[in-house]
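Peer 1: One structure is given below, represented as structure tokens, and several questions about it will come after.
The values are calculated or read from the model by the stated rules, or taken from the named source; none is laboratory data. Everything numeric here is computed off the predicted structure, so don't read it as measured data. Glycine gets a Cβ as well: all are built from the backbone with ideal geometry, and neighbour counts include every protein chain shown. SASA here: full protein model, heavy atoms, side chains in, ligands and nucleic acids out. Shrake-Rupley method; radii C 1.70, N 1.55, O 1.52, S 1.80 Å.
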Amino acid sequence: MIVEDIMNTSVPTLTPSHTINDALLLLKEKRIRHLPIINEQREVIGVVTDRDLKEATPSSLLSIQNPEIYERPLEEIMTKNPITGHPLDFVEETATIFYDNRIGCLPIVSKGKLVGMITESDLLYKFIELTGAHQPGSQIEVRVPNQPGILFEVSKVFYEQKMNVLSVLVYPDKVRSDYKILVLRVKTMNPLKLIEAIRAEGFEVLWPNHPGMNL
């Protein structure tokens, strides 16, 4: 999946000459937390976040307020030359950029101009979609040997049971390095028959590890 598939294309923006008050009003109106700062050519030259604005303005608990602070230009508080992405970047690689750089948003640029934006919330929702967690179903974890064709062997059990698989994730086994953990979400609220069929084929079911138990 590429960034173009999940990015927001209707992105509110401001320029460096806009004020802190302009940014506060726009963030409140649009109910967002990040603003790309662009020039007349729609080139991204900075980013302002709600945290930047909080740090630049006095606390509401203070009895003395300085209205001049709210007229400061965003150029004074914005993060200059921010990290940007491209519409054809892979989403999983983009998630690594978020994690490594501890950022909350990523302006998306094509041919030097702003074309979209993604936030950490966009990535989190996409993860929810990919795992199928937003759909009713059951999760099953199976330990399998780390060898070619093993996913096909497991999937045959689901086919024979006429069970619809919502998602499949593969993790390394922290206990046995020559094994993998398959995390499957299936479209059923009662997976007991399916679990029995998986075990009958010789696979180890890690979760649920006690079918039928009352939790």
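Peer 1: Checking TYR171 against (1) in a loop (DSSP other than H, G, I, E, B); (2) open to solvent by 80 Å² or more (accessible area, probe 1.4 Å); (3) touching a strand residue (DSSP E or B) at 6+ places or on another chain (Cβ under 6 Å), which test does it fail?
Peer 2: Every condition holds for TYR171 apart from (1).
Peer 1: Tell me, which residue of region 72-114 that is over 15 Å from the mean Cα position of the chain (by Cα) and small (Gly, Ala, Ser) is surrounded by the most Cβ atoms within 10 Å (Cβ to Cβ)?
Peer 2: Among those that are over 15 Å from the mean Cα position of the chain (by Cα) and small (Gly, Ala, Ser), it is SER110.
Peer 1: Sort through ASN8, ASN21 and tell me the only one that's surrounded by fewer than 17 Cβ atoms within 10 Å (Cβ to Cβ), over 20 Å from GLY104 (Cα atoms) and among the polar types (S, T, N, Q). Reasoning before the result, please.
Peer 2: On the way: ASN8 fails: over 20 Å from GLY104 (Cα atoms).
It is ASN21.
Peer 1: A further question follows. GLU129 - would you say it is among the acidic types (Asp, Glu), over 22 Å from THR13 (Cα atoms), out of contact with any His (no Cβ under 8 Å at 6 or more places or on another chain) and open to solvent by less than 80 Å² (accessible area, probe 1.4 Å)?
Peer 2: Yes, satisfied.
Peer 1: Let me ask something else about it. Does any residue in region 124-137 that is within 14 Å of VAL168 (Cβ to Cβ) come within less than 8 Å, Cβ to Cβ, of a residue that is of a type outside the set (Val, Ile, Thr) and surrounded by fewer than 13 Cβ atoms within 10 Å (Cβ to Cβ) six or more places away or on a different chain, and which pairs are these?
Peer 2: Taking only residues 6 or more apart or on different chains, the pairs are GLY137/MET189.
Peer 1: Can you confirm whether LEU27 is among the hydrophobic types (A, V, I, L, M, F, W, C), in a helix (DSSP H, G or I) and open to solvent by less than 30 Å² (accessible area, probe 1.4 Å)?
Peer 2: Yes, satisfied.
Peer 1: Of the numbered conditions (1) open to solvent by 90 Å² or more (accessible area, probe 1.4 Å); (2) farther than 13 Å from MET117 by Cα; (3) at pLDDT 95 or above; (4) not aromatic (Phe, Trp, Tyr), ARG33 fails exactly one; give the number of that condition.
Peer 2: With respect to (1) open to solvent by 90 Å² or more (accessible area, probe 1.4 Å); (2) farther than 13 Å from MET117 by Cα; (3) at pLDDT 95 or above; (4) not aromatic (Phe, Trp, Tyr), ARG33 is out only on (2).
Peer 1: Considering each residue of region 44-60, count those that are in a loop (DSSP other than H, G, I, E, B) and surrounded by 14 or more Cβ atoms within 10 Å (Cβ to Cβ), and give that number. Spell out how you get there, then give the answer.
Peer 2: First, the residues of region 44-60 that are in a loop (DSSP other than H, G, I, E, B): 57-60.
So of that shortlist, the ones also surrounded by 14 or more Cβ atoms within 10 Å (Cβ to Cβ) come out as 57.
So the count comes out to 1.
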